[in-house]
């Protein structure tokens, strides 16, 4: 990949000049001056209708952003991404979560070997295992069918599976899914307190089988299990997704119950692999396959579609525009579906762990902004929470509105109310309400001029707040796969243009190292070599 400081490109310079000209223009004027604006800035693809017209951009803005992508070598970078080049250069690894959903006939080489046959083999094992658990042919140690599944993992080994299983809860079968991630013991015991060891299956998901939180939680669960079950039965109730066969077998897990992971799949992009075993168990393997197929379709769209009609490219370029020129530090993701209530949290890790970097691919400190802060909640709940800040606060907060044309249960009255709010909010954020409109409204309600003069300033909305409207036909496993992959590829594009490595995460290491040091001090009840604040805090804690 080209290692180009984006601020040195011709396009960046032109964007800076263009920004000075356009930064104060109101989107209301943009719409008033161009009756075809919505058509020009809408992309229709499969069951997705994506309207980016409510952004503070012109056709010139879009063209300059596309020029920036070209100068930064995005087209060649995409091919490197899909063909197995070691683009995660600090760890000397390819980035090939896309291979996990590739077609059977694909030839994707890692270090000279086609990995697709091995991926297909693992998928077949996921299929067989899932079917046996769901159908009751594989049972617990007393011969009873499994009723509950507990996924024990953290980070990508938790966030992806829990987000997808809750997003696709409509498609769930009879199995009850539980997730243990936090090393907080209360979290662990609250999860398992009402479970029956005879009918519970445990999935331990850890690439190295050394992750402190996961191993601590798994050990605690194993001890709880063995209080009422002979040790030899561990193999019937515990399954692992890991590369560390020795440690997994030492834990008591049958080698036939170990599913592999690969170093060319980053944790936060691993739900498509055996890390998604809990997903397959929750919604069935056929639906899991549909999830992967949706992602594959988005992969093809991203790889083959010209950038002007390319959904991940366009959404990524808009982030660049707001982050680097308007200096907007955060983005809101607002799904108008309660099923997607964990989607913003999932994207927090996917985006912020990927692009929260301050050193470029040349090892130099960057002099421009990179990763954005991601946050959000479902509508309409969020309208009664943080929308006040977006509408009338002092910060520019671009927002993605994600909605579905059809509900899953078919209640049109509720869906119409939900979607009326969805459309109304993007329109309100665009237009706002000026002083004249406020005065006219108050007059119509019988307010005196004195009352109007006193209160009108508080009821003015400036508007001009940018939004992307992502409208999808219906929430299905396939459409969910497309949506997740859309954001995955958006992350990639941002990383290429910011000239950073998106697929390592060294920033999570220091805290882990210090935590292990402090934990060792707890065992000796001695506190050494800390700053005065941390030292006093630790001493206070140890007095319990």
Over the chain, what portion of Cα pair distances is larger than 43 Å, expressed as a whole percent? 25 percent
Mean Cβ-within-10 Å packing, highest first, puts peptides 336-349, 145-158 in the order 145-158, 336-349
What distance in nm lies between label points placed 7 Å from Cα along the C-beta direction at residue 461 and residue 104? 5.3 nm
Taking the simple approach of a point 7 Å from Cα along Cα-to-Cβ for both residue 517 and residue 145, what is their distance in nm? 5.4 nm
Once a ≥ b ≥ c are taken as the square roots of the eigenvalues of the Cα gyration tensor of region 112-174, is the result rounded (a/c under 1.5), prolate (a/b larger than b/c) or oblate (a/b not larger than b/c)? oblate
Would you mind checking the tilt of helix 435-444 against the longest principal axis of the Cα atoms of the chain, expressed as 0 to 90 degrees and rounded to 10? 90 degrees
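Cβ neighbours within 10 Å, averaged per peptide: list 282-294, 441-453, 113-125, 69-81 in order, most packed at the top.
Numbers: 282-294: 21.8, 441-453: 11.8, 113-125: 15.8, 69-81: 18.2.
Going from most to least packed, we get 282-294, 69-81, 113-125, 441-453.
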From the C-alpha gyration tensor of region 218-371, square roots of 5λ in Å: 39, 20, 16
Provide the packing ranking of 48-55, 126-133, i.e. peptides ordered by the mean count of other C-beta atoms within 10 Å per residue, highest first. 48-55, 126-133
Report, largest value first, the span of the C-alpha coordinates of region 317-376 along each principal axis, in whole Å. 42, 22, 15
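Considering only DSSP beta bridges where both residues belong to the chain, give the percentage that are antiparallel (nearest 5).
Working: 14 of 44 bridges.
Roughly 30 percent of the DSSP beta bridges within the chain come out antiparallel.
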P(r) for region 53-99, please, calculated from all Cα pair distances in 5 Å bins and given in %. 5, 19, 18, 15, 13, 11, 12, 6, 0
Unit-weight point scatterers at every alpha-carbon of region 425-540, Debye formula, q = 0.14, 0.15, 0.22 1/Å: log10 I(q)/I(0) is -0.82, -0.85, -1.19
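Could you tell me the convex hull volume per residue, in Å³, taken over the Cα atoms of region 54-179? Present the calculation step by step, with values, prior to reporting the outcome.
Numbers: hull volume 26.1 nm³, N = 126.
Taking the convex hull of the Cα positions in region 54-179, it is 207 Å³ per residue.
Using Stokes-Einstein with the Kirkwood hydrodynamic radius over Cα pairs, what translational diffusion coefficient do you get for region 108-288 at 4 °C and a viscosity of 1.567 mPa s, in µm²/s rounded to a whole number?
Working: Rh = 16.3 Å.
It comes out at roughly 79 µm²/s.
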Based on the Kirkwood radius over alpha-carbon pairs, what is the Stokes-Einstein translational diffusion coefficient of region 220-265 at 20 °C with 1.002 mPa s viscosity, in µm²/s? 190 µm²/s
Order of 164, 248 from fewest to most other C-beta atoms within 10 Å? 248, 164
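Read-outs throughout are calculated quantities, based only on the coordinates presented, and are distinct from any laboratory measurement. Because the structure is a prediction, the values reported are computed rather than measured. Please note: Cβ atoms are built from the backbone with ideal geometry, for glycine as well, and neighbour counts cover all protein chains shown.
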